[in-house]
Amino acid sequence: MGEFFRVLTDNWTLYRDGFTNTVQLFLIAAVGSLVLGTLLGAMRVSPVPALRASGATYVNIVRNTPLTLVFAFLVFGVPKLDVNIDYFDSACIALTVYTAAFVCEVIRSGVNTVGTGQAEAARALGMTFAQVLTLIVLPQALRAMVPPMMSVFIAMLKNTTIAAGFSVLEAGAIPSYMSERGEPQFAVLLWITIGFLILILPLVALQRFLERKWRVAR
Amino acid sequence: MSQASVLYDLPGPKARRRNAILGVASIVGIVALLAYVGWKFYETGQFEARKWEQFQYAAVQRELLAGLWATLKAAGIAAVLALLFGAIFASARLSDRWVLRAPATFVVELFRAIPLLILIFFGYYVPLQYGWAIDKLWALVIGLMLYNGSVLAEIFRAGINAVPYGQTEGAYAIGLRKNQVLRLILLPQAFRSMLPAIVSQLVVLLKDTALGFIITYPELLFVGKQIGGRLAFGLPYVPTYLIVGAIYIAICGLLSIFAWWLQRRLGRIPRTAGEVLPAQDAGEDAGRMI
């Protein structure tokens, strides 16, 4: 047991830096994918067929591509196009591009959960498009969107570990550093697991709470 | 989306004109973006014959096929094991005895919260350190089994719970036992409603085999890195990843279409009392699909 705690205390800076980078990566990619995903989601529910089709194409391509491939393309392929991005930025872009497709789907299906009658009634009352959107559709759609959106971000937090395979020092990269230091890997991995559980479990609890609370309200 | 959109009224002449203008403008924008990417590829010589010629060689094609086979092998073994794992833990979670229910719940919740790559690392780094001879294939397969098995356990449980309670009551009322109720009444109905969700979870599993790249399991992506890194052909990373990506998209896309088709087909036949769990609808459980 003493050995188990020693692994953490002796390598505290490595763990601290690793998890700090993980959280940073997560926050940047979360904001990025929220922006890109909302844009794509707006495209998918727009009245313009060309926008809808290109949004759907993006989603279908990305959703059937492994995230590791997106990473590999950005890290090994893109420099050959004379575009140089450093590893951390590549990881942010890969996570953003990939997660945006899922954010887009959450937004699309969230908007679709609102009954057509709601908007029809609002229009019958003479509301403008902006009023229908902000007063009727979005308040209802957001409720349906928040729980699945949180699942998407929880999954993305777990996906940040993939950056470890592409030269980013984050939590997933700790084992490869530790194998040089000869630390017992089981303990090393157990600490990483604990770290992730600390980050993820509150999010999961909040997500379940919101899901339960808002399902009743509907 | 065409008629019953919640956001818009049926477009009148003015809105139709505006939509047409927006449509043309967006097509121009998208084509311009694609053209820029294409030009960038051309400018940096990605379309040179030298970068593509090795794909004509039978040896390189065999390499790609070997990688594809390794991917499919890992996915196949992991899928079977994950389905077994899921069935066992779902039945434990549905049990009336808390001795079975509590540990199963713990295991399922735990493995869903740990990043898959960390699970795979348990099977990779620990044996590596102690010099145990464990195949990388099994490190990958065990990680995939634990994670996807836990997710599948939840899908199974949700499927069984989605069968209306009246079915269970009715079955008990005609004198069936617990085992018979599950086997004869709930499972046949639940299975149909779960099928699309199961298939799309298997797509996720197939995609996740690409994590084998990180532990240097020689699957498709790993083979792609080797082919792309050949200096004699001008480091053709971009062409290789385009080909590898196309293979992944083709396989996963076909499976996704199958799941979608199943969902539509099963939704049409009203012979199951349970509602069909969506295969691809992110609104339902998007975290599962990533």
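The values are calculated or read from the model by the stated rules, or taken from the named source; none is laboratory data. Since the structure is predicted, the reported quantities are computational estimates derived from the model, not experimental observations. Cβ placement follows ideal geometry from the backbone for every residue including glycine, while neighbour counts extend to all protein chains displayed.
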Exercise for the section: Could you check how many residues of segment A:119-168 are under 30 Å from A:LEU14 (Cα atoms) and either of a type outside the set (Lys, Arg) or touching a Cys at 6+ places or on another chain (Cβ under 6 Å) (or both)? Expected result: 18
Practice task
For segment A:143-155, indicate whether the set of residues that are buried (at least 22 other Cβ atoms within 10 Å of the Cβ) and farther than 23 Å from A:LEU206 by Cα is non-empty.
Solution key: no
Problem - Verdict on A:ALA53 being more than 7 Å from chain B (Cβ to nearest Cβ), surrounded by 23 or more Cβ atoms within 10 Å (Cβ to Cβ) and of a type in the set (A, V, I, L, M) - result: no
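Per-residue answers, yes or no, for (1) without any contact (Cβ under 8 Å) to a residue 40 or more places away in the chain; (2) more than 16 Å from B:GLY76 (Cα to Cα); (3) surrounded by fewer than 22 Cβ atoms within 10 Å (Cβ to Cβ):
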| position | (1), (2), (3) |
| --- | --- |
| B:PRO196 | no, yes, no |
| B:VAL203 | no, no, no |
| B:LYS207 | no, no, no |
| B:GLY212 | no, no, no |
| B:TYR217 | no, no, no |
| B:TRP260 | no, yes, yes |
| B:GLN263 | no, yes, no |
Practice task
Could you tell me which numbered condition A:THR38 fails, if it satisfies all but one of (1) over 14 Å from the mean Cα position of the chain (by Cα); (2) touching a residue at least 12 places away in the same chain (Cβ under 8 Å); (3) surrounded by fewer than 23 Cβ atoms within 10 Å (Cβ to Cβ)?
Solution key: (1)
Problem - Unmet criterion (only one of (1) buried (at least 22 other Cβ atoms within 10 Å of the Cβ); (2) touching a Gly at 6+ places or on another chain (Cβ under 8 Å); (3) touching a residue at least 12 places away in the same chain (Cβ under 8 Å)) for A:PHE19 - result: (1)
Exercise for the section: Could you tell me whether B:GLN280 is crowded, with 21+ Cβ neighbours inside 10 Å, assigned by TED's automatic domain parsing to the domain that holds B:LEU187, in a helix (DSSP H, G or I) and modelled with pLDDT under 90? Expected result: no
Practice task
Answer yes or no as to whether B:PHE121 is in a helix (DSSP H, G or I), in contact with a Phe, Trp or Tyr (Cβ under 9 Å, 6 or more places away or on another chain), within 26 Å of A:THR22 (Cβ to Cβ) and in the same structural domain as B:ARG183 (by TED's automatic domain parsing).
Solution key: no
Handout entry: Within segment A:104-207, helices (runs of 4 or more DSSP H) holding 3 or more residues that are within 21 Å of A:GLY32 (Cβ to Cβ) and facing another protein chain (nearest Cβ under 9 Å)
Key = A:138-159
Practice task
Report, by residue number, each residue of segment B:53-80 that is of a type in the set (Lys, Arg) and loosely packed, with under 12 Cβ neighbours inside 10 Å.
Solution key: B:ARG62
